[in-house]
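Asker: Submitted below is the structure of interest, expressed as structure tokens.
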Amino acid sequence: MTEINKSIYYAIVVGSGISGLYCALKLAQYNSDKQILLVTKSELKDSNSYYAQGGMVAVLKNNKSDSVELHLKDTLIAGAGLSEPETVEFISKNSDETVQDLLTFGVEFDRGENGEFTLTKEAAHSINRILHSGGDATGRMMDISLCHALKNVKNIDIAENITLTAILKNENDECCGLEVFDNASKETRVIYSHFTILATGGIGQLYKYTTNPHGATGDGLASAYRIGAELRDMEFVQFHPTALAIDDPINHNRFLISEAVRGEGAKLCDKSGNRYMSKYDKREDLAPRDIVARANFTEMQNNNTENVYLDATIIDHDKLLHRFPTIAAKCKEYGIDITKDYIPVAPAAHYFMGGIKVDLNGETSIKNLFAIGEVASTGLHGANRLASNSLLECVVCAYKTAQYITNSTGTANFAYNETIEQKHFVNTQNLHELKAKLQTTMWENVGIYRNEKTLTKALDDICEMENSVSATPNSKEEYELNNMITVAKLITKSALNRKESRGAHYRTDYLHSEKVSKHSNIKKN
């Protein structure tokens, strides 16, 4: 579906994950006389949030055992000194209102026999506050509901298979629209807008092993950087400790085995069933993700194995299948019965804590350019995301950004500056080879363990790749690879500059954490 019916839109939303869908819906609801454009480079359902299993945090008013203060405390501990209290409090306070609003768009969450929401607990949370939908299919169920609602809204144009190639700025250095590439016709087009919202997701495809779908190539980050937007904390990549250690040949990623499985009692072990997490942390299997990921990686290195195992057989048979139907079905495809067999798991790149720096309204350092969801750095996640906070951030920030834009009085000047940096691309012939090389370089050198030697090697390799690309862009894949190289370079530089270990950024040559935590900021000169 490619329906770009106007040359000037009130607002353009780039990305069709939960944050993009919800923001487009709210903008259309608040501005029924204005036209909104939703652009996605693949199809609506192809996003990180579609694959989210774990659930969504919600500090609900009728959950008397929970409070904003408790959620704030848990998030700040997980964020290892870099989560910003004002942001955490803002998102937490608005969670109940946002959940109630989502229900009006057909989103539903699992409920018990009494009709109340079923709330679960995950690692590093002190209270049961996680909402689920469809058991372990929260992201997918939310995504489907919002997509259904979106297609019935007359003032939203939906353009699928359209790739973002550049963000436009006018003579006042304000964002005034986009340049896009039609993946089918191979044509480039300029679209103007008063407000542009990036909801382009994460960067998992920069790594050899990832839970992210093939579209997670850092497009929004690279495009924002090129026009001078400020980026923050680019070194913080979260590696999920338990991805199914089997490659998906179609999506080029690894299926996520939700942290919620361990939350329900599953234990990590070796092939003989020996548990090992007590060696690494007193919280054992429910320690923060960075600790569990490093523990799994260390066990794999020490035993020269490609994976460790998750023993879910100790969970009640009926409860296990009822709670995790998606995981059970996916494992069954590979001949694994999770009620009887250990699940082979290994760490994989999962979530990006860095991003485009935004304020509480979602606005970037470029006027009229906004960012929401994983592409944005709101200050919520800090150095290590607390489980299930991401979906909450997606919806609260989408909701509040739409409100802020609606109440804004400014409009963009469309005399845009045409001196956008010319991009260079690889020849299609060696594109896949170069992409694989980049992914291996990032996994081996800018991964779970880092040091100056590996990071310097990675930077040298990335610069060599950057200098070797040439030819004319002619496909989505060529644009993506260019963005991947740009973002990989930024991540590696930021990791080199942070000479400490903090959260998901772990340097074997700087094991300490500085007493004063500081954000890292990067901006094109």
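The values are calculated or read from the model by the stated rules, or taken from the named source; none is laboratory data. Bear in mind that the values here come from a model prediction, so they are computed numbers and not experimental data. We place every Cβ from the backbone using ideal geometry, glycine too, and count neighbours over all the protein chains shown. Accessible surface areas use protein heavy atoms only, side chains included; no ligands, DNA or RNA. Shrake-Rupley method; radii C 1.70, N 1.55, O 1.52, S 1.80 Å.
Asker: For Cα pairs less than 8 Å apart in space and 6+ apart in sequence, what is the mean separation divided by the residue count of the chain, i.e. the relative contact order in percent?
Answerer: Rounded, it is 22 percent for the chain.
Asker: Put +1 on the Cβ of each Lys and Arg and -1 on the Cβ of each Asp and Glu in region 238-376; which of 326, 253, 287 then has its Cα farthest toward the positive end of the dipole?
Answerer: 287
Asker: Report, to the nearest whole %, how much of the accessible area of region 205-269 belongs to carbon and sulfur atoms, 1.4 Å probe, protein only.
Answerer: 50
Asker: May I ask which of 208/489; 41/476; 93/357; 41/186 have a Cα-Cα span longer than 18 Å here?
Answerer: 93/357
Asker: Compute the separation of the alpha-carbon centres of region 440-506 and region 10-42 and state it in Å as a whole number.
Answerer: Measuring centre to centre over Cα atoms gives 31 Å.
Asker: Taking the Cα centre of the chain as origin, work out the dipole magnitude from +1 charges on Lys and Arg Cβ and -1 charges on Asp and Glu Cβ, in debye rounded to 20. List each step's numbers first, then the result.
Answerer: Numbers: 57 positive and 68 negative charges, 137 e Å.
My answer is approximately 660 debye.
Asker: What is the magnitude of the charge dipole of region 259-406 about its Cα centre, with +1 placed on the Cβ of each Lys and Arg, -1 on the Cβ of each Asp and Glu, and no other charges, expressed in debye to the nearest 20?
Answerer: Roughly 220 debye, rounded to the nearest 20.
Asker: Something else about it: Could you size up the charge dipole of region 246-301 around its Cα centre, putting +1 on the beta carbon of Lys and Arg and -1 on that of Asp and Glu, and report it in debye to the nearest 20? Working shown, then result.
Answerer: Details: 10 positive and 10 negative charges, 46 e Å.
Here the size comes out at about 220 debye.
Asker: Work out the P(r) tail for region 472-525: percent of alpha carbon pairs separated by more than 17 Å, whole number.
Answerer: Taking all Cα-Cα pairs of region 472-525, the fraction more than 17 Å apart is 51 percent.
Asker: Take the Cα atoms of region 319-378, build their convex hull, and give its volume per residue in Å³.
Answerer: 136
Asker: Quick query: amide H of residue 207 versus all other amide H atoms, modeled in the peptide plane; which residues come in under 5 Å with a sequence gap of 5 or more or a different chain?
Answerer: The list, which skips near neighbours in sequence, is empty: none.
Asker: What Rg and what Dmax come out for region 216-372 when only alpha-carbon atoms are used, in angstroms?
Answerer: 18.7, 57
Asker: For region 88-122 and region 310-358, write down the distance between their C-alpha centroids in whole Å.
Answerer: Cα centroid to Cα centroid, the span is 23 Å.
Asker: Once phi is turned into θ = phi - 60°, what whole-Hz ³J(HN,Hα) does the Karplus curve with 6.51, -1.76 and 1.60 give for every residue of region 250-261, x standing for Gly and Pro?
Answerer: Working through the residues one at a time gives 8, 8, 6, 9, 10, 5, 7, 9, 3, 4, 4, 5 Hz.
Asker: Another question, then. Can you work out the accessible area per residue across the chain, with the rest of the protein chains kept in place, probe 1.4 Å, in square angstrom? Can you show the working numbers first?
Answerer: Numbers: 20400 Å² over 525 residues.
On a per-residue basis, the chain sits at 39 Å².
Asker: Under the rule of at least 5 residues apart or a separate chain, name every residue whose amide H is placed under 5 Å from the amide H of residue 246.
Answerer: Those lying under 5 Å, H to H, from residue 246 are 255.
Asker: Can you find, among 398, 302, 458, the residue sitting farthest towards the positive end of the charge dipole of the chain, where Lys and Arg contribute +1 and Asp and Glu -1 at Cβ?
Answerer: Farthest along the dipole direction, towards plus: 302.
Asker: Let me ask something additional. State, to one decimal in nm², a quarter of the convex hull surface area for the C-alpha atoms of region 265-352, i.e. the direction-averaged projected area. Present the calculation step by step, with values, prior to reporting the outcome.
Answerer: Numbers: hull surface 24.9 nm².
The orientation-averaged projected area of the Cα hull of region 265-352 comes to 6.2 nm².
Asker: For region 105-118, in order, what is each residue's ³J(HN,Hα) by Karplus, 6.51 cos²θ - 1.76 cosθ + 1.60 with θ = phi - 60°, in whole Hz (x at glycine and Pro)?
Answerer: 9, x, 6, 10, 10, 4, 10, x, 4, 7, x, 7, 4, 7
Asker: While we're here: Once each part is reduced to its C-alpha centroid, what is the distance from region 157-176 to region 238-265 in angstrom?
Answerer: The two parts, judged by their Cα centres, are 34 Å apart.
Asker: Give me the Å³ per residue figure for the convex hull around the C-alpha atoms of region 151-233.
Answerer: Details: hull volume 11.8 nm³, N = 83.
Taking only Cα atoms, region 151-233 has a hull volume of 142 Å³ per residue.
Asker: Give the residue from 351, 200, 215 lying farthest towards the positive end of the charge dipole for the chain; charges sit on Cβ (+1 for Lys and Arg, -1 for Asp and Glu) and the dipole is referred to the Cα centre.
Answerer: 351
Asker: List the equivalent ellipsoid semi-axes of the chain in whole Å, largest first, each obtained as the square root of 5λ for an eigenvalue λ of the Cα gyration tensor.
Answerer: Largest first, the chain gives 34, 28, 22 Å.
Asker: Can you give the helix-only mean residue ellipticity at 222 nm for the chain, where every DSSP H stretch with n ≥ 4 adds -39500 (n - 2.57) and the sum goes over all residues, rounded to the nearest 500 deg cm²/dmol?
Answerer: -10500 deg cm²/dmol
Asker: Within the chain, which is the longest segment that contains none of the GluC sites (Glu not before Pro) sitting in a DSSP loop with at most 16 other Cβ atoms within 10 Å? Intermediate results must be reported in sequence, preceding the final value.
Answerer: Details: sites that count: 3, 43, 108, 113, 116, 171, 187, 306, 418, 421, 500, 514.
So the longest stretch without any such site is 188-305.
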